[in-house]
1. Among the residues of the stretch 79-132, write down those that are in contact (Cβ under 8 Å) with a residue 24 or more places away in the chain and of a type in the set (A, V, I, L, M).
2. Run down Leu32, Leu92, Leu37, Leu26 and say which single residue is closer than 30 Å to Val120 by Cβ and either assigned to a helix (DSSP H, G or I) or at pLDDT 85 or above (or both).
3. Mind checking which residues of the stretch 83-101 are among the hydroxyl-bearing types (Ser, Thr, Tyr) and more than 12 Å from Leu70 (Cα to Cα)?
4. Would you mention how many residues in the stretch 102-132 are in a strand (DSSP E or B) and crowded, with 17+ Cβ neighbours inside 10 Å?
Amino acid sequence: MPASPTGPAAGPAAGLAAPTAPRGVLRALRALRMGALAAVVSVAVGAHVRAETATPPTPSEIGAAQLERLMSDHRCSTTGFADGSLPGSALLRTERGQLRVVGFARGWQAHEGLLPGTLVAVCLGTRATERP
């Protein structure tokens, strides 16, 4: 049948609607679009937001932490021991600025200026571990 000047041709095909996809397919497509949008947004935000890099500790901070740990581990004192305990070792700062645990005699020689280094503390030594 030819089309009339006032609209589409009347007949069996005139009452049919355009085919549509089932609801499940439409929901899946909608979810896929939202996932793609979320991915694009997260990439865009990630490109602009960057984590700050931590500043490395300064040598003085490293030295202070190391000194504190060594003082505790070796039971050291910068002023001696009031109970009369005799030190068995010493903390010595080398000419390069490194801390070393040395024998008391070596540390005392540095204190008297006979050997290089600076006496930082005298130590009783590490605590004996208890055996079961």
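1. Initial filter on the stretch 79-132 (in contact (Cβ under 8 Å) with a residue 24 or more places away in the chain): 80-81, 85, 87-93, 97, 99, 101, 117-127.
Within the stretch 79-132, Ala90, Leu91, Leu92, Leu99, Val101, Leu119, Val120, Ala121, Val122, Leu124 qualify.
2. Details: Leu32 fails: closer than 30 Å to Val120 by Cβ; Leu37 fails: closer than 30 Å to Val120 by Cβ; Leu26 fails: closer than 30 Å to Val120 by Cβ.
None of the other options fit; the residue is Leu92.
3. To start, the set of residues in the stretch 83-101 that are among the hydroxyl-bearing types (Ser, Thr, Tyr) comprises 85, 89, 94.
Those that are among the hydroxyl-bearing types (Ser, Thr, Tyr) and more than 12 Å from Leu70 (Cα to Cα): Ser85, Thr94.
4. Looking only at the stretch 102-132, we keep the residues that are in a strand (DSSP E or B), and these are 102-103, 118-123.
Filter again for crowded, with 17+ Cβ neighbours inside 10 Å, leaving 102, 119-123.
Number satisfying all stated conditions: 6.
The values are calculated or read from the model by the stated rules, or taken from the named source; none is laboratory data. Quick caveat: nothing in here was measured; it's all calculated off a predicted structure. So basically every Cβ, Gly included, is an ideal-geometry build from the backbone, and we count neighbours across all protein chains shown.
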